[in-house]
Amino acid sequence: MTDATLLHETQDEYGVIRVLDYGESRVLSFGDNDEQSKILKTSPHVPQHTYVQAMLLVLLFCKPKSAIVLGLGGGALIHALRNFDAAIKLTAVELRPVVIELAKRYFQLPIGKKLNLINGNAITFLENPDHKKVDVIFADIYSAKGVDSAQLSPSFLENCTKLIKPNGYLVLNCWKEHSQNRELLEDLKQHFAHIDACLTSGGNWVIFASQTSQILGDSSLKNQAQALSQQLDFALERSLNRFGPWV
C-alpha cells in the first residue's frame, strides 16, 4: 500500500493489525496489500467495497428490525445499516478485542443502545440456543488468509438457520472460487428453500439464503433498487445486475 499514513500498528495472536489513512479514506488491514475495511471519513455510511454493497441487496427483500453481524472489521456494514434504519437492533460479534477498539477509535463506529458489541468467537456464539431470532445474519468472518472455513461448514449453516426468523435471510460473504463449490450449495439447500448470489467486481461471491422466493418483477425490483440507492447513498444497480439464483 502506498501514499498512506500509518496511524496504528499492533499485533495479537492472530497476526498484525494496521490502520492506514489515505486522506479522504481510512483502511483497516490485517496484512500486506490487505483491506479488511475501508470508510470515507466524511461519509462512513457509504460502503467502499463492492462486497459490502452487494450484501446490502438483502434490504430489497427484507426490512430487518434486528440483525447479527459476524465479523466487525472497521464497521462498514454497521455504518450502512445504521444509516438505513437507526432503529435496527444490531449485534456484532468480533473475535479480536483490538479490532473492536480500533473500530471505535479510528472508524467512527456508531455506538449506541441499538448496537450490542460482543468480543467472542462467532462460531461459538451461534451454538448458544438462547439467542433471540433475528431477521438477517450477515456472515463476514475473514482473516488475512481469506474466508474462515468454519463459515462454510454444515454445522455453521444449521446454527444460523436456528437463529433466523421464518422470513429472514442469511447473507454470506465468500470468494469467487466458492461459486463452484457444489457441496456448499447442497448444504445450503438442506436448510434454505431459495439460494441467490451475486458475483462482485471485486471477486467476492455473496450468497443470500432464505425460505421465501423473490416475487418482485424486474421493473418493480429496479424501481425499489433506485429508491433504496437514494436511501443508502450509493448505486445498487451494479450489484443488482449481478444478482440471481445460484443453480
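The values are calculated or read from the model by the stated rules, or taken from the named source; none is laboratory data. Computed from a prediction, not measured in an experiment: that's the story for all the values here. Note: ideal-geometry Cβ built from the backbone for every residue, glycine included; neighbour counts use all protein chains shown.
Out of the residues in the stretch 96-124 that are in contact with a Phe, Trp or Tyr (Cβ under 8 Å, 6 or more places away or on another chain) and at pLDDT 95 or above, which is nearest to residue 23 (Cα to Cα)?
In this case the residue turns out to be 96.
When you scan the stretch 151-160, how many residues do you find that are closer than 13 Å to residue 131 by Cβ and touching a strand residue (DSSP E or B) at 6+ places or on another chain (Cβ under 9 Å)?
1
Report the residue count in the stretch 191-240 for those that are touching a Cys at 6+ places or on another chain (Cβ under 9 Å) and either loosely packed, with under 14 Cβ neighbours inside 10 Å or in a helix (DSSP H, G or I) (or both).
The total comes to 2.
Given the residues 218, 187, 233, 196, which is the only one that is among the charged types (D, E, K, R) and at positive phi?
Step by step, each of 218, 187, 233, 196 is checked, and only 233 is among the charged types (D, E, K, R) and at positive phi.
Test each condition in (1) within 20 Å of the chain's Cα centre (by Cα); (2) touching a residue at least 40 places away in the same chain (Cβ under 8 Å) for residue 205 and report the one that comes out false.
Residue 205 satisfies every listed condition except (2).
Listed here are the residues, each with its yes/no results for (1) over 16 Å from the mean Cα position of the chain (by Cα); (2) surrounded by 15 or more Cβ atoms within 10 Å (Cβ to Cβ); (3) part of a strand (DSSP E or B).
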residue	(1), (2), (3)
108	yes, yes, no
113	yes, no, no
132	yes, no, no
151	no, yes, no
159	yes, yes, no
162	yes, no, no
170	no, yes, yes
178	yes, yes, no
187	yes, yes, no
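Of all residues in the stretch 30-49, which are free of Cβ contacts under 8 Å to residues at least 40 places away in the same chain, within 19 Å of residue 147 (Cβ to Cβ) and not in a loop (DSSP other than H, G, I, E, B)?
38 - this is the single residue of the stretch 30-49 that is free of Cβ contacts under 8 Å to residues at least 40 places away in the same chain, within 19 Å of residue 147 (Cβ to Cβ) and not in a loop (DSSP other than H, G, I, E, B).
Restricting to the stretch 66-104, name every residue that is surrounded by fewer than 21 Cβ atoms within 10 Å (Cβ to Cβ), touching a residue at least 12 places away in the same chain (Cβ under 8 Å) and part of a helix (DSSP H, G or I).
Of everything in the stretch 66-104, those that are surrounded by fewer than 21 Cβ atoms within 10 Å (Cβ to Cβ), touching a residue at least 12 places away in the same chain (Cβ under 8 Å) and part of a helix (DSSP H, G or I) turn out to be 82, 83, 84, 97, 98, 100.
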